[in-house]
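The values are calculated or read from the model by the stated rules, or taken from the named source; none is laboratory data. Computed from a predicted model, the values in this text were never measured in an experiment. With ideal geometry, Cβ positions are generated from the backbone for all residues, glycine too; neighbour counts draw on all protein chains shown. Surface accessibility is based on the protein's heavy atoms, side chains included, excluding ligands, DNA and RNA. Shrake-Rupley method; radii C 1.70, N 1.55, O 1.52, S 1.80 Å.
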Amino acid sequence: MIGLDNVSKKFGTGAYGVSDVSFSIEKKEFVFLVGPTGSGKTTIFKLIIREILPTKGSIIVEEWEVAKLPSEMIPNLRKKIGVVFQDLKLLSDRTVLENVLLPMEVAGAGGKEAERRVEEVLTQTGIIEHKDKFPVQLSGGELQRAAIARALVLNPDILLADEPTGNLDTGTSWEIVKLLSDINERGTTVIMATHNVDIVKNLKKRIIELDKGKIVRDTKRQT
């Protein structure tokens, strides 16, 4: 489903975000992407959604070679990939419902059917009772759930979650990971970038570890 083959990304400063990175992720896998700040986790996410292009190597997402995708096809790629951004990117002047509805509006869907889909994912993520609140009225965990709901609303095949537990307490962090695990069990491929060692150790999922832009470990944990 996702394959990176000898991918490097060199920035204008001369620094490498990633260097000769290769891995493949199968459909319905749950993978932890780990490593210190600056190790290349967010760079990999940006490469997968074609926010940036690789300096060398190939990136395959489903049937597409991402770097060679015509510009008019990029929205189709991004409909297949839901992203929970590290800074969430929720709009402060819109309610939870309006924030989650936004990707559907951009995709050209609207009306009652779109609102039904939004309410469905808000129920799935456990925040339907907060649909008319604004982001400032939500707790940290509720904000993460809203961001996850927005990432799910177009029913993507792949979910990328960038440090979704970064600013949360231990209990709330586990609630968010349980939610992501449930989403994975419904058939969505999940890649979660995290610094949370306890979650990674206890969840027994595959781990891809990065250091200074290179993969230093790739292991499938056995239950």
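Taking Rh as the Kirkwood radius, which is the inverse of the mean 1/r over Cα pairs, what is the Rg/Rh value for the range 106-214?
Computed over Cα atoms, the ratio is 0.99.
Can you run phi through the Karplus equation (6.51, -1.76, 1.60; θ = phi - 60°) for the range 126-137 and list ³J(HN,Hα) in whole Hz, with x for Gly and Pro?
Values per residue, Gly and Pro as x: x, 10, 4, 6, 9, 4, 9, 8, 9, x, 5, 8 Hz.
Summing -39500 (n - 2.57) over the DSSP H runs of n ≥ 4 in the chain and dividing by its residue number, what mean residue ellipticity at 222 nm do you reach, to the nearest 500 deg cm²/dmol?
-10000 deg cm²/dmol
Of the options Phe45, Ile208, Val84, report the single residue whose Cα projects farthest towards the positive end of the charge dipole of the chain (beta-carbon charges: Lys, Arg +1; Asp, Glu -1).
Working it through, the farthest residue towards the positive pole turns out to be Ile208.
As a test of the definition: which semi-axes, in Å, follow for the range 82-151 when you take the square root of five times each eigenvalue of its alpha carbon gyration tensor? Largest first, please. Please list the in-between numbers first.
Working: eigenvalues 60, 33, 24 Å².
Equivalent ellipsoid semi-axes, largest first: 17, 13, 11 Å.
Looking at the chain, send over the antiparallel percent of its DSSP beta bridges, to the nearest 5. Walk me through the intermediate numbers first.
Working: 18 of 36 bridges.
If we restrict to bridges inside the chain, about 50 percent are antiparallel.
Once Rg/Rh (Cα atoms, Kirkwood Rh) is worked out from the coordinates, which option in (i) 0.96; (ii) 0.99; (iii) 1.05 does it equal?
Given (i) 0.96; (ii) 0.99; (iii) 1.05, the calculated one carries the label (i).
Could you check the spin-label model distance between Asn167 and Ala107? Points 7 Å from the Cα along Cα→Cβ, value in nm.
So the label points at Asn167 and Ala107 sit 2.7 nm apart.
Just by accessible area at a 1.4 angstrom probe, what is the order of Thr37, Thr95 from largest to smallest?
Correct descending sequence by accessible area is Thr37, Thr95.
Of Lys112/Lys178; Lys46/Lys204; Lys178/Lys205; Lys10/Lys214; Lys79/Lys220, which ones are farther than 24 Å apart at the Cα?
From the list (Lys112/Lys178; Lys46/Lys204; Lys178/Lys205; Lys10/Lys214; Lys79/Lys220), the Cα-Cα distance tops 24 Å for Lys112/Lys178; Lys46/Lys204; Lys79/Lys220.
Which residue, chosen from Leu102, Phe134, Ile59, occupies the Cα position most advanced towards the positive end of the dipole of the range 54-164, where the dipole is computed from +1 (Lys, Arg) and -1 (Asp, Glu) charges on Cβ about the Cα centre?
Toward the positive end, the furthest listed residue is Ile59.
Could you give the distance between the Cα centres of the range 153-176 and the range 23-72, to the whole Å?
If you average the Cα positions of each part, the centres end up 18 Å apart.
In debye, nearest 20: dipole of the range 71-223 around its Cα centre with unit charges on the Cβ of K, R (+) and D, E (-)?
Roughly 640 debye for the range 71-223.
What are the semi-axes of the equivalent ellipsoid for the range 126-174, taken as the square roots of 5 times the Cα gyration tensor eigenvalues, largest first, in whole Å? Provide the component values of the computation, followed by the final result.
Working: eigenvalues 63, 53, 14 Å².
Its equivalent ellipsoid spans semi-axes of 18, 16, 8 Å.
I'd like the accessible area for His130: 1.4 Å probe, protein heavy atoms, all chains in place, Å² to the nearest 10.
Using a 1.4 Å probe on the heavy atoms, I get roughly 20 Å².
State in Å² the accessible area per residue of the chain; use a 1.4 Å probe, count heavy atoms of protein chains only, and round to the nearest integer.
49 Å²
Past the 20 angstrom mark, what percentage of all C-alpha to C-alpha distances in the range 1-114 do you count?
51 percent
Relative to the longest principal Cα axis of the chain, at what angle does helix 111-124 sit, 0 to 90 degrees, rounded to 10?
70 degrees
Between Val136, Val200, Val177, find the one with the highest GNM mean-square fluctuation for the chain; connect C-alpha pairs within less than 10 Å.
Val136
May I ask you to rank Ile25, Ile60 by accessible area, largest first, using a 1.4 Å probe over the protein chains only?
Output order, biggest surface exposure first: Ile60, Ile25.
With all protein chains present, calculate the accessible area of Asp87 using a 1.4 Å probe and round the result to the nearest 10 Å².
Looks like 100 Å² after rounding.
With only Lys, Arg, Asp and Glu charged, each at its Cβ (+1 for the first two, -1 for the last two), find how big the charge dipole of the range 89-150 is about the Cα centre; round to the nearest 20 debye.
140 debye
Evaluate E = 1/(1 + (r/R0)^6) for Gln137 and Ile74, where r is the Cβ-Cβ distance and R0 equals 41 Å; express this FRET efficiency to the nearest 0.05.
It comes out at approximately 0.75.
Using the Cα centre of the range 13-60 as the reference point, and only Cβ charges (+1 on K/R, -1 on D/E), how large is the resulting charge dipole? Debye, rounded to the nearest 20. The partial results should precede the final answer.
On the way: 6 positive and 4 negative charges, 22 e Å.
That gives the range 13-60 a dipole magnitude of about 100 debye.
For Ile2, tell me the accessible area in Å² from a 1.4 Å probe, rounded to the nearest 10.
0 Å²
Counting only protein heavy atoms, what percent of the accessible surface of the chain is carbon or sulfur at a 1.4 Å probe?
Reported share for carbon and sulfur atoms: 48 percent.
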